[in-house]
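Take a look at the structure set out below.
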Amino acid sequence: MLLPVRMHLFCFWQRLLGLCALLCVSATAQVTTRGDAVGKLLNDWYQAGTAAGLTAITYENRDGQHSPLEPGRYPQLQIFKPDSKSGPAMGPAVALRTSPTVGNCSMSAPADKGGSLPRMYQIDPQGQRFLMMQYLACNLMIYPEHQDYDPGGNGVGGYGDLYPTNNACTLISQGSSGSDQPFLNSVLTTIAAFPPATQQLLIEKRLLMPTVQAIFRQSNKRVQKEEDYFTGIAHPVVFDAADLDEEKMMRMAHDMRPPQIPPLPQIEVIEETEMQNGRDYFEAEKAHPWKLADTPVSIARIMRGNTSEHVMKISTKKSADLMGRPVQLRWQLLQGDPRLIRLENSAQGAITELHVRWQPPIKTLKGLRSHRVDIGVFATNGLTVSAPAILSFYMLPNEMHFYDEKGHSSEICYQVHNPDLGLPNDPRDLRWLKAMLAASLAGDGLRSRLMEKLLTEPERQSLQKIWIPLNQRWQSIQKLESDETRKDSAPILKNSLQDDLAKTLNEKLEGDRGLTVRTAIERSLEAIAGFTDLYLTFQKELVPLAAQSPKTSATGDIQREIKRLQDLNVLMVEANGHVTTSAPPDRISLADRYYISGLNLTVMSQALFPEVLERSTAPAWVDPRLTTPKPWRDIRRYDEAGKLMGWIRYQAGRTTWFNPEGQLLPEGPDHPEKTKTVIYQKTAEGLLEWLPQ
């Protein structure tokens, strides 16, 4: 019975569309002055009365015309003119626009000084609410990520993915000033391409931007098959202009009749794990909210708790279709480890119980380190699929959590090392030549002996064979650069060499494992970083290497990391200066190995491979607005039944005991009746300290 009803609806809307086309009168004869295929197609549709154009749409620039829409490109477009009641004219939008508005703002602070405008909204629950209000009021802003979504660590190369949440309320472009322009144009042409009746209904029902987002994401060039839309491929937090398919977006919009308007998924938390400061997490008195978003289209949490998992009950009963049809919902993991997430649906179907466990950082599809889990909730009416409502869970980058074999949270380190290995992010970086040499050169030196254990002889010989001609070209280019009479030819040759180097990294080496040049180097170095006994066994060789390193801070950097691990009771230094583990060799935990890998990374970048690896030796950077780093580790204690008994805290060489309520046990666990309340406060150095009362 559904098919005749749908056919009837289509006939009705087709007749209405024809009427709108006859009545459509515009002051301008064209939507755009663009002469490309997109512009021609859009103008033809408008002339035929099948596309609504842009007379109902306003454009707002909020960066003082730093990255403006080309004047006159869309003659029908209304231009927003600020006045005394419209709020500040520059910077992040702070007021809703009553008319459908598309805007952009190419402004940002450095990543460690506040970052991009979308991140500013995302860390503030009120900012998240404002984004939702824009989304459901036909307002869409486009912002660049600038430095908030670039490969690297602690600012060397970049910071990785710094966004604590993901949502469909804005568009974030990969890059800096001007990177928003392709998205701005694509959104405008998509809106213009809607049939008049469809565009009018979308505006009236405030579904314009949710529908544009659904089209934008389904048209992504990386979405090759239907199932791709339900993965992170279509829903990254930041979008690359190279993945835009403007014509596909426009055609999808033009083909959309009112019955094909996607439904709107709506989510609401009705119950969840609650956390108490000083017991479940530790922050100063006025801690930043861990509930970053609670809106119908986005829910976001900071996973700062020490519980074994975070549990939520989510209602989707408010999800609705414009035509009143039944809505089917689909929950899908967009980013994160599926082994650490569990969904349980209720018998009623509208309530879902979600179990999320803390998880270590993952690599995004673009190769960036990210600390966020994203779960999408999609709605379909049987004809079309919505943009997702998104639940995000953010793991603080300065923390690492460990679990025992029963799934209990067993240990938390609150000030971890920078996990970046330090290899070049750019495949055209000539530092890769040094990495090839370091991985393939035979000899009696420590790094050659290590590499011999990690790469087979055929792999190393193959690597040498590839490196030799590339290095010869680089040597010749360097000679040209120093020759005043011939240096003008060097840039072209260098560019060609860098192009060939990038291709070479994907070449397969000889041998049975089928490793590429890049994966062979990366895996070998990662294996060395994971070698727990690296410094402990080879200290006598590494100390002089550090002293001779071109990085003059090498010795001090390594000693600081050793001292940090001493303070955490991971390492101890014997009277003769020899470094060893605090735990006996047969009792070294997974957490101990993790801490020692941080020392190894510093040893590698500063002493063992100083010409190859560039990384910050400081602890992992975290946005100070979200948390205060804590220079301690907590080892949690359970009885045989699995009940929490409290935790042991290691800090600055001290060992202290706490009960399950977060109270200090000054005389240890043998006297649980003697307790002291603890307060937490921020120091002048930006660290958290605790004081017994």
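The values are calculated or read from the model by the stated rules, or taken from the named source; none is laboratory data. Remember, predicted model here, so these are calculated numbers, not experimental data. As a convention, Cβ positions derive from the backbone with ideal geometry for all residues, glycine included, and neighbour counts pool all protein chains shown.
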Discussion item. Of the residues Asp567, Asp533, only one is touching a Gly at 6+ places or on another chain (Cβ under 7 Å) and farther than 19 Å from Val612 by Cα; which?
Written reply: Asp567
Discussion item. Considering only residues that are touching a helix residue (DSSP H, G or I) at 6+ places or on another chain (Cβ under 9 Å), of a type outside the set (Val, Ile, Thr) and assigned to a strand (DSSP E or B), which ones fall in segment 356-391?
Written reply: Gly376, Phe378
Worksheet, complete the sentence: Picking from Leu69, Leu16, Leu54, Leu3, the residue that is of a type outside the set (D, E, K, R), more than 30 Å from Ile172 (Cα to Cα) and either surrounded by 17 or more Cβ atoms within 10 Å (Cβ to Cβ) or at pLDDT 95 or above (or both) would be Leu16
Worksheet item: Does segment 168-180 contain at least one residue that is modelled with pLDDT of 95 or more, out of contact with any His (no Cβ under 8 Å at 6 or more places or on another chain) and either among the charged types (D, E, K, R) or part of a helix (DSSP H, G or I) (or both)?
Response: yes
Practice prompt. Answer yes or no: is there a residue in segment 408-422 that is buried (at least 20 other Cβ atoms within 10 Å of the Cβ) and without any contact (Cβ under 8 Å) to a residue 60 or more places away in the chain.
Written response: no
Practice prompt. Pull up segment 173-201, narrow it to residues that are more than 30 Å from His146 (Cβ to Cβ) and out of contact with any Cys (no Cβ under 8 Å at 6 or more places or on another chain), then point me to the one that is surrounded by the fewest Cβ atoms within 10 Å (Cβ to Cβ).
Written response: Leu201
Worksheet entry | Pair list, Cβ < 6 Å and 6+ apart or interchain, from segment 141-156 residues that are assigned by the TED database to the domain that holds Asp112 and within 12 Å of Ser116 (Cβ to Cβ) to residues that are of a type in the set (Lys, Arg) and not in a loop (DSSP other than H, G, I, E, B) | Asp148/Arg119
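A quick yes/no check of all residues on (1) more than 17 Å from the chain's Cα centre (by Cα); (2) in a loop (DSSP other than H, G, I, E, B); (3) buried (at least 21 other Cβ atoms within 10 Å of the Cβ):
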site: Gly64; (1), (2), (3): yes, yes, no
site: Tyr74; (1), (2), (3): yes, yes, yes
site: Asp83; (1), (2), (3): yes, yes, no
site: Ala95; (1), (2), (3): yes, yes, no
site: Val102; (1), (2), (3): yes, no, yes
site: Tyr121; (1), (2), (3): no, no, yes
site: Gln126; (1), (2), (3): yes, no, no
site: Leu131; (1), (2), (3): yes, no, yes
Worksheet item: If you scan segment 542-561, which residues turn out to be part of a loop (DSSP other than H, G, I, E, B), surrounded by 15 or more Cβ atoms within 10 Å (Cβ to Cβ) and of a type outside the set (S, T, N, Q)?
Response: Lys551
